[in-house]
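Chemist: Structure provided below as structure tokens; questions to follow.
The values are calculated or read from the model by the stated rules, or taken from the named source; none is laboratory data. Remember, predicted model here, so these are calculated numbers, not experimental data. Cβ: placed from backbone, ideal geometry, glycine included. Neighbour counts: every protein chain shown. Side chains included, ligands, DNA and RNA excluded: accessible areas come from the protein's heavy atoms. Shrake-Rupley method; radii C 1.70, N 1.55, O 1.52, S 1.80 Å.
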Amino acid sequence: MSAASPAVLRVVRAGPLTTVQDLGRPGYAHLGVPRSGALDTPALLLANRLVGNPAGAAVLETTVGGCALVAERAAVVAVTGAACPVRVGGRPAAWGAPVRVPAGAVLDVGPATLGLRAYLAFAGGVAVAPVLGSRSTDLLSGLGPAPLAEGDELPVGAPQGPTAAADPQPYAAPGADLVLPVVPGPRDDWFTRDAWDTLAAGHWRVSPASNRIGLRTEGPALARARTGELPSEGMVLGAVQVPPDGRPVVFLADHPTTGGYPVIGVVPETSLPAAAQSAPGTRIRFVPVRAPRLA
């Protein structure tokens with residue numbers, strides 16, 4: 001490999017689901033393309049800041065089980081997001097700080113001990129080819145690189161800035177309960193007052209069926225005031241859609257851009273990183289931020 005060719009990361013353990021993510025590809029919903037991007041944006045921004053990358057540089061997002069890679073050349077990495085053990089060449093290494101990985105050493109990011117998704121930023125960024133301006137893997141549309149598999153090789157760009165030994169903005173770990181504010185609408189009037197009482201006071205938990213498309217819930221069914229069906233309409237990030245079983249789904253980064261089930265409310269984007277880091281079984285408390293309209 002010539003001196004001008006990019007450094008390469010080789011995957012030795014892909015984990016249950018490891019994808020390339022950046023800040024996503026906004027602006028293509030009219031083409032049916034979700035924004036995608038990192039589910040925990042603050043964790044991505046922190047990881048990039050620690051290794052001297054621009055905010056939008058591509059990173060790896062792991063899910064629950066971590067991953068392991070070998071760097072062909074010495075690299076600097078930072079791991080943020082879900083708390084997890086980090087080892088370099090078999091030795092413990094720092095989480096949440098820049099770490100040097102010697103050429104040929106294995107970087108092993110272990111299973112999450114708090115949260116679900118860890119973020120691995122490499123100085124220079126993961127330099128896979130962009131699609132519609134983003135390097136993000138979109139599981140719904142299939143755009144971007146496929147989820148990592150053992151033996152894959154990923155190029156890394158040239159480092160662009162100095163690393164940061166510490167960060168003045170501490171990363172907020174997920175709490176014991178997930179508290180989600182909900183702005184009522186646009187179809188809040190399709191639900192009964194009892195449904196809103198149930199949403200605010202019901203015993204909800206994160207379902208194991210949750211994924212990058214949406215956080216699914218387990219709990220009581222929400223009663224509808226209208227029995228008809230809607231034509232498909234636009235869906236936004238954080239939309240709380242209620243399918244026929246009555247249990248709300250909070251749309252995350254890979255959500256569909258349209259849908260026909262009524263949206264009872266919308267969770268503000270600032271609350272979605274906590275949703276993305278909440279493990280199955282986590283208690284959920286929905287908090288309406290104003291009174292809904294009722295049919």
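Chemist: Report yes if some residue within the stretch 68-77 is under 20 Å from the mean Cα position of the chain (by Cα) and either in a strand (DSSP E or B) or charged (D, E, K, R) (or both); otherwise report no. Even if it seems obvious, please write down each step before you answer.
Modeler: Step one: filter the stretch 68-77 for residues under 20 Å from the mean Cα position of the chain (by Cα), giving 68, 77.
Filter once more, keeping what is either in a strand (DSSP E or B) or charged (D, E, K, R) (or both): 68, 77.
For the stretch 68-77, residues under 20 Å from the mean Cα position of the chain (by Cα) and either in a strand (DSSP E or B) or charged (D, E, K, R) (or both): present.
Chemist: Take the conditions part of a loop (DSSP other than H, G, I, E, B), under 16 Å from Leu39 (Cα atoms) and either of a type in the set (D, E, K, R) or touching a helix residue (DSSP H, G or I) at 6+ places or on another chain (Cβ under 7 Å) (or both) and apply them to Leu237. Does it pass? Can you show your working first?
Modeler: Values: part of a loop (DSSP other than H, G, I, E, B): yes; under 16 Å from Leu39 (Cα atoms): yes; either of a type in the set (D, E, K, R) or touching a helix residue (DSSP H, G or I) at 6+ places or on another chain (Cβ under 7 Å) (or both): yes.
Here the answer is yes, as Leu237 does meet what is asked.
Chemist: Right, next: Filter the stretch 98-120 down to the residues that are open to solvent by 20 Å² or more (accessible area, probe 1.4 Å) and in a loop (DSSP other than H, G, I, E, B) and list them by number.
Modeler: Result: Pro98, Pro102, Ala103, Gly104, Pro111, Ala112, Thr113.
Chemist: May I pose another question? Given the residues Ala123, Ala127, which is the only one that is open to solvent by 20 Å² or more (accessible area, probe 1.4 Å), over 15 Å from the mean Cα position of the chain (by Cα) and either within 21 Å of Glu153 (Cα to Cα) or charged (D, E, K, R) (or both)? Outline the logic, then answer.
Modeler: Numbers: Ala123 fails: open to solvent by 20 Å² or more (accessible area, probe 1.4 Å).
None of the others qualify; the one that does is Ala127.
Chemist: Output the residue which, of all residues in the stretch 6-57 that are under 13 Å from the mean Cα position of the chain (by Cα), among the hydrophobic types (A, V, I, L, M, F, W, C) and open to solvent by less than 20 Å² (accessible area, probe 1.4 Å), is farthest from Val99 (Cα to Cα).
Modeler: Leu39
Chemist: Mind checking which residues of the stretch 176-224 are in a helix (DSSP H, G or I) and free of Cβ contacts under 8 Å to residues at least 40 places away in the same chain? Write out each step before concluding.
Modeler: Applying the first criterion (in a helix (DSSP H, G or I)) to the stretch 176-224 yields 188-190, 193-201.
Of everything in the stretch 176-224, those that are in a helix (DSSP H, G or I) and free of Cβ contacts under 8 Å to residues at least 40 places away in the same chain turn out to be Asp194, Asp197, Thr198, Ala201.
Chemist: Now for a separate question. Do you know which residues across the stretch 147-159 are modelled with pLDDT of 95 or more and open to solvent by 70 Å² or more (accessible area, probe 1.4 Å)?
Modeler: Passing the criteria: Glu150, Glu153.
Chemist: Additional query: Show the residue pairs that are 6+ apart or on different chains and have beta-carbon atoms under 7 Å apart, the first residue being within the stretch 56-70 and in contact (Cβ under 8 Å) with a residue 40 or more places away in the chain, the second being in a loop (DSSP other than H, G, I, E, B) and among the β-branched types (Val, Ile, Thr).
Modeler: Close Cβ pairs satisfying both conditions: Ala58/Val128.
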